[in-house]
């Protein structure tokens, strides 16, 4: 008998679909569910959740309602379908993402990257963040702006996921970057993506939780730190992260819904940092703060 899976679907505009897929990917166990947002053949965007076992539908609706409103939670549908490689299927046809001087793309678009842009190739099979939602794109835009101001010698990427930001920073600054993630599968993915992008010698990827790991602290102080996570962890790490920063350093925070941005900002202002730039994009907010 052919294997089956449970899929939850919601038709929504592109920003909502992408924001939901990103939010749910952070909120649900990746061992149990794959989250995707894509444009259908009819031009309409859709968010899908593919569960490996029967989910708690009430809990899933509540998460969707929290991120996109009660109407979205009520409109979510569930059905049983034949199983397949949903990660590769949902990402293989995604178009390149343009953010400042960076182009994030899949292997199918390798030849389409303009010569005057910095291409970052992410394999669909290693999907821990592909650059297609506002959190990563916001960080890339922040990086592009900071790179125009001069060199950053020591760089840290906390919660690196696929390694997109670490690879981008290594390429634009031509310097070593330390990237960390608590998930061993993300570490493997980021290492593979760094090699794929010929940045393996510049990007060191380690498994570590937060910014208190000895392997993270021993390289401090950092000139530039990325933390594309969620509000709760960002608030908890405000004080230890601030201690890792060099004078005149910058920290780029993302993974923030608009309603959460001020709470994150307050936690870092309490550590003596000031807001330098706010980047709203696709229903998410990226903050650039300076010492």
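Whether a residue is surrounded by fewer than 20 Cβ atoms within 10 Å (Cβ to Cβ), assigned to a loop (DSSP other than H, G, I, E, B) and at pLDDT 90 or above was assessed, and residue 55 passes this test. Select from the stretch 221-247 the residues that are farther than 23 Å from residue 281 by Cβ and free of Cβ contacts under 8 Å to residues at least 60 places away in the same chain and list them in ascending order. 236, 239, 240, 242, 243, 245, 247, listed by residue number.
Within the stretch 172-186, the set of residues being more than 30 Å from residue 149 (Cα to Cα) and not in a loop (DSSP other than H, G, I, E, B) comprises 184, 185, 186. Hey, can you tell me all the residues within the stretch 180-227 that are crowded, with 24+ Cβ neighbours inside 10 Å, at pLDDT 90 or above and farther than 16 Å from residue 155 by Cα? Hit for the stretch 180-227 is 193, nothing else. Looking at residue 28 and the list (1) touching a helix residue (DSSP H, G or I) at 6+ places or on another chain (Cβ under 8 Å); (2) more than 18 Å from residue 284 (Cα to Cα); (3) in contact (Cβ under 8 Å) with a residue 40 or more places away in the chain, which single condition is not satisfied? Here residue 28 clears every test but (3).
Output yes when any residue across the stretch 229-236 is loosely packed, with under 14 Cβ neighbours inside 10 Å and touching a strand residue (DSSP E or B) at 6+ places or on another chain (Cβ under 7 Å), and no when none is. No: the stretch 229-236 contains no residue that is loosely packed, with under 14 Cβ neighbours inside 10 Å and touching a strand residue (DSSP E or B) at 6+ places or on another chain (Cβ under 7 Å).
The values are calculated or read from the model by the stated rules, or taken from the named source; none is laboratory data. Remember, predicted model here, so these are calculated numbers, not experimental data. Backbone-built Cβ (ideal geometry, glycine too); neighbour counts: all protein chains shown.
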